[in-house]
Amino acid sequence: MALKLYIVGGAVRDALLGLPHSDRDWVAVGATPDELLALGYRPVGKDFPVFIHPHSGEEVALARTERKTAPGYRGFAVHAAPGVTLDEDLLRRDLTINAMAQAEDGTLIDPHGGRRDLAARVLRHVSPAFVEDPVRLLRVARLAARFPAFTLAAETAALLAQMVGDGEVDHLVPERVWQELARGLMAERPSRMFEVLRDCGALARLLPEVARLWGVPQPPAHHPEIDTGVHLMLVLDEAARAGAPLAVRWAALCHDLGKGTTPRDQWPRHIGHEGRSARLAAALAERLRVPNEARELADVVAREHGHVHASATLGAAALVRLFERCDALRRPERFDLVLLACACDARGRTGLQDRPYAPSARLPALLQAARTVDTAALAAAAAAAGRSGPAIGAAIHEARVAAVQAALQPAAPGA
């Protein structure tokens, strides 16, 4: 059998949808690893027969089939041989819209109705073997967030629930959960990912800190949507609408986790939820091995979002303490991300999505005023006066309070 190459998967799907796509995956049919090596292909990876094309630099995988041998996404025996057909390779893929191929002459190969499901905007599994790989559950949820106009086929939703019930989802490793979660958070409508995970029961297994927020009420004066889980989804979608980076979206996800641990007799008030949210966010980030930038921002936003919201009521001294707790004096660029996350929280409320967020306009100038203090000169003067250690720090703090106080004063008439 002569070697034939086909573009497969997402690149074919996105081209049919008229979407840009930068990465193309290829499948090689009718070749052995030795034959590809002889043609100049370079092998990559240890688990699957994947190679780098000698000219384009794109990945090319040998057509393969898989057989389930153990629980989890690693429990497969892979069979790649020249006799494996393109149809057999496509049959092992997750969704019909990802199980299409395009020949080098442009011919579309669509044995499982992917083009039909694209037109109908349906996410549908290819075969019953879908249940064998728990990562597919996360991929479907992530694709629902990327393509919010698509619905989930009823039979596919049933398979997702079956995977949870059978315990397959419990075999997911933290790195894969984070990888798919991060991609879903960066999608057009992140709330759809959590909707799919919640409907099939996977959210309670993978992110119980998030799952328990539904059904927890909040004061309607501040939250017209009332339900904390509903609010969280609005916040995530607001972060997507704002084009926020991943760290902000992760902080948005974690900012109210503590409300899920408020005793029922204290509902709908959530006194002290900020500290509880920070502790839960830290534990969740540790479990999923979230990058430091995201986990550190989530900690600040969880602890301080209430103070940022109420910053118009704070005097100069309290504002400087807020800046110090946020490490904003040293890292003003991160404070911008804190403000963005807080703005998403404030706007992630029913009917309030387009209201201005005053702290975003007011606090940067006050922070800049505090940062104009010449700390080196103050430290030298304090040292010359015989002050040291905490006394020097106090002098710098007092000077920053004075600078912020001056910035708070309205300009005099005619000035």
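The values are calculated or read from the model by the stated rules, or taken from the named source; none is laboratory data. Every value quoted in this text rests on a predicted model; they were computed, and no experiment measured them. No Cβ is skipped: glycine too gets one built from the backbone with ideal geometry, and neighbour counts run over all protein chains shown.
Pull up region 205-230, narrow it to residues that are among the acidic types (Asp, Glu) and at pLDDT 95 or above, then point me to the one that is nearest to Thr350 (Cα to Cα).
My answer is Asp227.
Looking only at region 13-40, filter to residues that are small (Gly, Ala, Ser), surrounded by fewer than 17 Cβ atoms within 10 Å (Cβ to Cβ) and not in a loop (DSSP other than H, G, I, E, B); which one of those is modelled with the lowest pLDDT?
Ala38
Kindly evaluate Arg264 against the criterion of being more than 28 Å from the chain's Cα centre (by Cα), among the basic types (Lys, Arg) and within 20 Å of Leu366 (Cβ to Cβ).
No, not satisfied.
Looking only at region 180-189, decide whether some residue is over 28 Å from Gly18 (Cβ atoms), buried (at least 18 other Cβ atoms within 10 Å of the Cβ) and out of contact with any Cys (no Cβ under 8 Å at 6 or more places or on another chain).
No, there is no match, as no residue in region 180-189 is over 28 Å from Gly18 (Cβ atoms), buried (at least 18 other Cβ atoms within 10 Å of the Cβ) and out of contact with any Cys (no Cβ under 8 Å at 6 or more places or on another chain).
Between a first residue in region 156-185 that is of a type in the set (Ser, Thr, Tyr) and a second residue that is modelled with pLDDT under 95 and surrounded by fewer than 16 Cβ atoms within 10 Å (Cβ to Cβ), which pairs have beta carbons less than 8 Å apart while being 6 or more apart in sequence or on different chains?
none
Can you tell me which residues in region 361-396 are over 24 Å from Leu337 (Cβ atoms) and not small (Gly, Ala, Ser)?
Asp374, Leu378, Arg387, Pro390, Ile392, Ile396 - these are the residues of region 361-396 that are over 24 Å from Leu337 (Cβ atoms) and not small (Gly, Ala, Ser).
For region 149-177, give me the residue count where each residue is in contact with a Lys or Arg (Cβ under 7 Å, 6 or more places away or on another chain) and surrounded by fewer than 19 Cβ atoms within 10 Å (Cβ to Cβ).
Final tally of qualifying residues: 6.
With the condition kept exactly as written, say whether any residue in region 92-106 is at pLDDT below 90, of a type outside the set (Ser, Thr, Tyr), surrounded by fewer than 18 Cβ atoms within 10 Å (Cβ to Cβ) and in a strand (DSSP E or B).
No, every residue in region 92-106 fails to be at pLDDT below 90, of a type outside the set (Ser, Thr, Tyr), surrounded by fewer than 18 Cβ atoms within 10 Å (Cβ to Cβ) and in a strand (DSSP E or B).
With region 231-329 as the region, which helices (runs of 4 or more DSSP H) entirely inside it contain at least 2 residues that are more than 16 Å from Gly348 (Cα to Cα), of a type in the set (Gly, Ala, Ser) and modelled with pLDDT of 95 or more?
Passing ranges, in order: 273-288, 292-309, 316-325.
Scan region 134-155 residue by residue and report those that are farther than 25 Å from Leu246 by Cβ and either in contact (Cβ under 8 Å) with a residue 24 or more places away in the chain or in the same structural domain as Gly10 (by TED's automatic domain parsing) (or both).
Thr151, Ala153, Glu155
Would you mention how many residues in region 118-132 are crowded, with 22+ Cβ neighbours inside 10 Å and of a type in the set (D, E, K, R)?
1
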